[in-house]
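Values in this text are rule-based calculations from the coordinates and carry no lab data. Everything numeric in this text was worked out from a predicted model, so none of it was measured. Cβ placement follows ideal geometry from the backbone for every residue including glycine, while neighbour counts extend to all protein chains displayed.
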Amino acid sequence: MNNKSVSTATIGYMCFALSFWLLGVYLTRWTPSISLSAIWAIHMPLSILLLVMGILAFVNGRSLDTIVFFGGSALLWSTHSIVVLPVSGHDASSPGFDGWFFIAWTAFFAWVWVGALKSDFWRMQFLLSLWLTHFVLIFDNFFYEVHVIEIIGGYLCLVTGLLAAVVSAKGIISGRIAEDGRGASG
């Protein structure tokens, strides 16, 4: 891609920003009247857009973004199956299963973070926040009666969303997104 167009990373990280911000607003109870089903209805188009940005990042040779966007798309899509389908009358998963589900995603994003240690600072911070958020959500699902853990997870979601927005904005402001810390154009 040339620097005159918006990069795939700009759009992909903004999808992360929107999805984690909305989830954080729900988990912190900033707006108690918001429906979890409505949040996940918004996440479905974001999941599809992340998939498309993952494909475009792959075509452009952006391996880290490809992995992050495919993983994010799968995360949003599979979380939709766990959260929304039980609400709509399908079999609900147990809190224990949800905890193991988040263990798998925590391991995935922790490993991606380790692989991104030579990446630029903000992208690395986003990935760190992403896997720490999932780490807290593990405990939220195993100890679902302790609402303090859910609120901490919500604030971590908000931080993750803000960091994703910074990575996205960095691409708009500078006209490029550096994947390897040396300032490679995106």
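Summary table
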read-out	value
Ascending count of other beta-carbon atoms within 10 Å, so fewest first, for Thr106, Thr8	Thr106, Thr8
Contour excess over end-to-end distance, with Cα ends at Asn60 and Ala38 and 0.36 nm allotted per residue	4.6 nm
Quarter of Cα convex hull surface for the range 8-172, i.e. mean projection, nm²	9.0
Point-charge dipole on Cβ atoms (K/R +1, D/E -1) for the range 8-172, about Cα centre, debye to 20	500
